[in-house]
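No lab work stands behind these numbers, since they all come straight from the coordinates. Predicted model, so just to flag it, every value in this text is computed and none were measured. Methodologically, a virtual Cβ is constructed for each residue, glycine included, from the backbone with ideal geometry; neighbour enumeration extends over all protein chains shown.
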Amino acid sequence: MIAETDNQIGEEERKRIRAEMRYALAVLQETKSPSKKTSVLQSTLSYLSNGFVLLIVGSLITSILLPKFQQAYEKKKQKTNLMQECLSQYLLYANSTWKEYYSIFPLVHHPAIDMETYNKYLAEIGTIKLSRYDAYAKVKALAIVFRGDNQETPSKVERELEDFARQVNQISETIDLWLRNLYCSPNKCISDGIAPIDPNFSPYGSFLRLQTLLRDIQGSEHIVAESMVRQIKAIE
């Protein structure tokens, strides 16, 4: 009977039956998978909501993550403070050049000065120079904070600072020369072997030329300040 029934079912009919069975099995698996996924999710949530697990997770966050965050914050804050202090000292350093320049302004309309006046202004300029050297030493020490990962390589700020410092020293030397020319004019220092370098020295004209030099280096002054401010803003 079975053999006869099997012979009565054609090949096409058998293929159709097999296809329908495969489809039924696929539908059955699909209907089971969401419940399985839901079961896994429920198990995971149940595990995570366990009081002991929450205690362990909280302990890990408190003992490991929070100290690291706190350390990173303190390091960033310290770096920002050092950068801001460096900028403050730099502004003192840069402004001292103008202070030195205007210290000789009262002598602009004097055709000559005596030894006492010369020594008085030398001492005043010397005080300004010492304050500037002190500010520059602090700036140089603090400027290391602007370096990148390679602490042995000078930063862009440091290179710009050195270039500006050379210009500041040249201005300061020119002011010294102006004062010496005023004291020695017209031929007071011939016997001392330190006659004025400029035989046609004019106190007022030379003073105006000094002002032009100071204005010329303002571009370099702003470059250094802008570089510092830019890096300070980058880490805030």
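By how many nm would the segment from ALA234 to GLU173 grow when fully extended, if each residue of separation counts as 0.36 nm and the alpha-carbon distance is taken off? Provide the component values of the computation, followed by the final result.
Details: separation 61, 0.36 × 61 = 21.96 nm, distance 3.70 nm.
Taking ALA234 through GLU173 to full extension adds about 18.3 nm, to one decimal.
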To the nearest 0.05, how large is the calculated FRET efficiency for ASN119 and ALA141 if R₀ is 35 Å and r is the Cβ-Cβ distance?
0.60
Give LYS79/LYS138; LYS75/LYS140; LYS76/LYS138; LYS99/LYS120 a once-over and call out the pairs whose C-alpha atoms are over 19 Å from each other.
LYS75/LYS140; LYS76/LYS138
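Sort the following peptides by mean Cβ neighbour count (other Cβ atoms within 10 Å, averaged over residues), highest first: 84-95, 222-233. Don't skip to the end; give the middle numbers.
Details: 84-95: 19.0, 222-233: 16.6.
Ranking the peptides 84-95, 222-233 by packing returns 84-95, 222-233.
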Label zone at LEU91, where the point sits 7 Å out along the Cα-to-Cβ direction: the stretch 116-135 residues whose backbone N lies under 16 Å:
135
Using 0.36 nm per residue of separation minus the Cα-Cα distance, give me the extension gain between THR80 and LYS129 in nm, one decimal.
14.8 nm
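Determine, for each peptide in 148-154, 162-168, 106-112, the mean count of other beta carbons within 10 angstrom over its residues, then list the peptides with the highest first. The partial results should precede the final answer.
Working: 148-154: 8.4, 162-168: 16.3, 106-112: 12.9.
Order by mean packing, descending: 162-168, 106-112, 148-154.
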Explain nothing, just compute: Karplus ³J(HN,Hα) = 6.51 cos²θ - 1.76 cosθ + 1.60, θ = phi - 60°, for every residue of the stretch 184-189 in order, whole Hz, x for Gly and Pro.
7, 5, x, 8, 5, 9
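By average Cβ neighbour count within 10 Å, what is the ranking of 72-78, 126-132 from highest down? It would help to have the intermediate numbers written out before the result.
On the way: 72-78: 10.7, 126-132: 15.3.
Going by the mean number of other Cβ atoms within 10 Å, highest first, we get 126-132, 72-78.
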Pop a pseudo-label 7 angstrom from the Cα along the beta-carbon direction at both ALA72 and ASP149 and give the gap in nm to one decimal.
1.6 nm
